[in-house]
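These notes are about the structure you will find just below.
The values are calculated or read from the model by the stated rules, or taken from the named source; none is laboratory data. Since this is a predicted model, take the numbers as computed values, not measurements. Glycine also receives a Cβ, built like all others from the backbone with ideal geometry; neighbour counts cover every protein chain displayed. The accessibility values were calculated without ligands, DNA or RNA, using every heavy atom of the protein model including side chains. Shrake-Rupley method; radii C 1.70, N 1.55, O 1.52, S 1.80 Å.
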Amino acid sequence: MVLKSPYKLDEFLGLEYFITDTKGIKGKLRVFVEDFYVEEIPLDSYGEGEDYLHFILEKRNWDTLQAIKAMARALRISHKRFCFAGTKDKRAVTKQRIAVYKLREEQLQKVAIKGIKIHILGRGGRIYLGDAKGNKFRIIIREIENAKEIFKTREQLRVKGIPNYFGYQRFGTTRPNTHLVGREIIKGNLEEAVLSYLAKPFESESREAYNARKFLESTRDYKRALEIFPDNLRYEKAMLNHLVKKPRDYAGALRKLPLKLRRMLVHAYQSYLFNKILSKTIEMQEEIKGRKIPLIGYRTKLGEIEKEILEKEGIKKENFKIKSMPELSLEGSERDACIDSEIKVELLNSNACVFNFTLPKGSYATVVLREFMKAEPLNY
């Protein structure tokens, strides 16, 4: 028996099924910042060299990029001199390895920012995105129900495996729509991609941002929208400024976004398709242990499930060779359908429990916990 998720956000992002059929314990994550602790597992070596100063960044309630920009301001250097393996959750206590180019230890030791601690390691080579083995998690869930179900769920996951879905953070937290923008880019509908990025508001946004997007959605008035969009939406304002000058140049507007962000948009759609394929595999009660699922691109060999999903989406694999924006084309690759992890659980009291587990890089703690909680995703 498989259990379909009743939540709209799960369906919207392709996480349509749970692999366990137990009652959820519900509950809430991140009631306190300290409830969510993440520690990066570094590589054994980061190469030879003396150009980079390596340190552990321990942060509390800071987004990784914002923390680095704050440090850069304090040091009066460019934030581009910093490099790291990946971003970590904001509402959490996290530890990760960072390297900064051509900086002396005594300079870094003087940085004092609330919520940030620095532990200097020494000198080494550059750190690239993905340069980590994984992450260790210690997470407290509060306001739980049905505590006895925890151990039933854990046993089912041990037997069946943990689905390696892409988690909610992959698609954006305030506006979980990156995959929709990516889909329109892949289809070649650049006008719709631009409007998906600029307009189409979400209730989770600030009122100012919501109203500005709503105005643009109904009027397509780029000039007036440029005046009323909040200043903190700087990418949107750069795109609008371009469209005021060149109203039909949608490729040019999209290219106002950094290349990394544009790639993230098409990868988000690829991730959504992966989730849909994995959901269908679970629905059909097929084994996920030891299985690979394609991250679809124009070179991907399609199975029956992949063909069915793409047909429903109105997409062909050839669309991933993006003629209008060749720099975003995707050849395709594979990802494990299943995560293996020893999950340790301790009941703190009748209303709270603590989970300890380790995940490989690219896997999401919320994907593990949703099998136990089966709660409204906004609680994650």
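Going toward the positive end of the dipole of the chain, with +1 on Lys and Arg Cβ and -1 on Asp and Glu Cβ, which of Tyr250, Ile315, Asn135 do you reach last?
Farthest along the dipole direction, towards plus: Tyr250.
With each pseudo-label sitting 7 Å past Cα toward Cβ, what's the Thr174-Lys301 distance in nm, one decimal?
Placing both labels 7 Å beyond Cα along the Cβ direction yields 4.5 nm.
With just the Cα atoms defining each centre, how far is the range 1-65 from the range 78-114? Give it in Å.
Computed from Cα coordinates, the inter-centre distance equals 20 Å.
With every protein chain present, what is the per residue accessible area of the range 156-238 (1.4 Å probe, Å²)? Mind showing how you got there, number by number?
Details: 3730 Å² over 83 residues.
Per-residue accessible area for the range 156-238 comes out at 45 Å².
Using the Cα centre as the reference, give the magnitude of the dipole from point charges on the C-beta atoms of the chain (Lys, Arg: +1; Asp, Glu: -1; all else neutral), rounded to the nearest 20 debye.
On the way: 73 positive and 52 negative charges, 239 e Å.
Using only the charged Cβ atoms, the result is roughly 1140 debye.
Provide the convex hull volume over Cα atoms per residue for the range 194-345, in Å³. Each step should come with its number before you reach the end.
Working: hull volume 26.1 nm³, N = 152.
Hull volume normalised by residue count: 172 Å³.
Within the set of other residues whose C-beta is less than 13 Å from the C-beta of Tyr101, count the net charge using Lys and Arg as +1 and Asp and Glu as -1. Could you put the intermediate results ahead of the total?
On the way: positive: Lys80, Arg81, Lys102, Arg104, Arg123, Arg126; negative: Glu50, Asp51.
Taking every Cβ under 13 Å from that of Tyr101, the sum is +4.
Mind jotting down the distance between the C-alpha centroids of the range 128-154 and the range 336-380, whole Å?
The range 336-380 and the range 128-154 have Cα centres separated by 3 Å.
Divide the volume of the convex hull of the Cα atoms of the chain by its number of residues and quote the answer in cubic angstrom per residue.
Values: hull volume 59.7 nm³, N = 380.
Spread over its residues, the Cα hull of the chain gives 157 Å³ apiece.
Using a 1.4 angstrom probe on the protein heavy atoms only, could you order Arg91, Arg262, Arg220 from most to least accessible area? The partial results should precede the final answer.
On the way: Arg91 95, Arg262 25, Arg220 115 Å².
Sorted by accessible area, descending: Arg220, Arg91, Arg262.
In nm, to one decimal, how far is the modelled label at Lys245 from the one at Leu261, with both set 7 Å along Cα→Cβ?
So the label points at Lys245 and Leu261 sit 1.7 nm apart.
Only helices at least 15 Å long along their own axis, judged from Cα atoms, and with Kyte-Doolittle mean hydropathy of -0.5 or greater: name those in the chain from DSSP H. Please report the intermediate quantities before stating the final value.
On the way: long enough: 64-75 (16 Å, 0.72); 149-160 (16 Å, -1.06); 207-219 (18 Å, -1.23); 234-245 (17 Å, -0.69); 259-283 (36 Å, -0.02).
Going by DSSP H runs, the hits are 64-75, 259-283.
So what's Rg/Rh here for the range 138-190, counting alpha carbon atoms and using the Kirkwood radius for Rh?
Numbers: Rg = 17.7 Å, Rh = 14.7 Å.
Across the range 138-190, the Cα-based Rg/Rh ratio is 1.20.
So, R0 is 51 Å and r is the distance between the beta-carbons of Glu34 and Lys102; what FRET efficiency does that work out to, to 0.05? Each step should come with its number before you reach the end.
On the way: r = 35 Å, r/R0 = 0.68.
So, using R0 = 51 Å, E works out to roughly 0.90.
If each residue of separation counts as 0.36 nm, what is the full-extension length gain between Asp44 and Glu327 once their alpha-carbon separation is subtracted? Don't skip to the answer; put the middle values down first.
Details: separation 283, 0.36 × 283 = 101.88 nm, distance 3.28 nm.
Between Asp44 and Glu327, full extension yields an extra 98.6 nm.
If I take the Cα coordinates of the range 301-380 and project them onto the principal axes, what are the three extents in Å, biggest first?
Principal axes ranked by extent give 57, 26, 24 Å for the Cα atoms.
Would any residue of the range 7-21 have its amide N under 20 Å from a label point 7 Å out along Cα→Cβ of Val159? List them or say none.
Hits in the range 7-21 for Val159 at 20 Å: 17-21.
Would you mind working out the magnitude of the charge dipole of the range 252-351 relative to its Cα centre, with +1 at each Lys and Arg C-beta and -1 at each Asp and Glu C-beta, to the nearest 20 Debye? Let's see the in-between values first.
Working: 20 positive and 16 negative charges, 156 e Å.
My answer is approximately 760 debye.
Might you work out the accessible area of Leu302 for me, using a 1.4 Å probe with all protein chains in place, and round it to the nearest 10 Å²?
50
State the extension gain, in nm to one decimal, for the chain segment bounded by Glu145 and Arg207, taking 0.36 nm per residue of separation less the distance between their alpha-carbons. Provide the component values of the computation, followed by the final result.
Numbers: separation 62, 0.36 × 62 = 22.32 nm, distance 3.40 nm.
Using 0.36 nm per residue and subtracting the Cα-Cα distance, I get 18.9 nm.
Of Ser341, Ser45, which has the most accessible area and how do the rest follow, probe 1.4 Å? It would help to have the intermediate numbers written out before the result.
Working: Ser341 30, Ser45 75 Å².
Ranked from most to least accessible, the order is Ser45, Ser341.
Quantify, in whole percent, the carbon and sulfur part of the accessible surface of the range 112-258 (1.4 Å probe; protein heavy atoms only).
Details: 3580 of 7290 Å².
Of the solvent-accessible surface of the range 112-258, carbon and sulfur hold 49 percent.
Given a 1.4 Å probe and the protein chains all in place, what does the accessible area of Thr87 round to, in Å² to the nearest 10?
90
Order the following by accessible area, largest value first: His267, His54. Probe radius 1.4 Å; ligands, DNA and RNA are ignored.
Details: His267 65, His54 0 Å².
Ranked from most to least accessible, the order is His267, His54.
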